[in-house]
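Participant: Below you will find the structure I want to go over with you.
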């Protein structure tokens with residue numbers, strides 16, 4: 001029973017559960033944003049939903065609707081999640097400049113290794 005308690009109380013599991021809850025809520029917000037933008041696009045074309053458009057009995061309208069919804073979703077995620085996250089990460093956790101300096105301990109260990117290799121086998 002202790003192992004199960006440790007598993008459930010592990011930080012990663014709690015963080016994962018919170019992430020799923022937040023993702024579900026954010027998904028609903030994004031769906032509503034897609035609906036709003038699709039309505040605006042539809043008003044420009046006098047049709048808020050292209051699903052009924054089937055030239056030659058090919059459901060091309062459903063594909064166009066799905067494509068527009070995907071592009072809107074991708075834009076919303078990029079501009080409201082990726083860009084702010086990247087900016088915050090660069091601001092609060094700046095990348096450390098790469099240095100070409102070698103750790104002195106590493107050099108010492110290499111010298112010891114080389115001297116051991118150079119010794120004749122006893």
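The values are calculated or read from the model by the stated rules, or taken from the named source; none is laboratory data. Bear in mind the structure is a predicted one, so any value in this text is a computation, not a measurement. Neighbour counts run over all protein chains shown; Cβ positions are idealised from the backbone, glycine included.
Participant: If I go through the range 75-98 residue by residue, how many of them are more than 21 Å from residue 32 (Cα to Cα) and either under 13 Å from the mean Cα position of the chain (by Cα) or part of a helix (DSSP H, G or I) (or both)?
Facilitator: Of the residues in that region, 8 qualify.
Participant: A further question on this structure: Would you say residue 24 is at pLDDT 75 or above, over 22 Å from residue 73 (Cβ atoms) and assigned to a helix (DSSP H, G or I)?
Facilitator: no
For (1) part of a helix (DSSP H, G or I); (2) on the phi > 0 side of the Ramachandran plot; (3) at pLDDT below 80, each residue gets a yes or a no:
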| site | (1), (2), (3) |
| --- | --- |
| 28 | yes, no, no |
| 34 | yes, no, yes |
| 68 | yes, no, no |
| 102 | no, no, yes |
| 115 | yes, no, no |
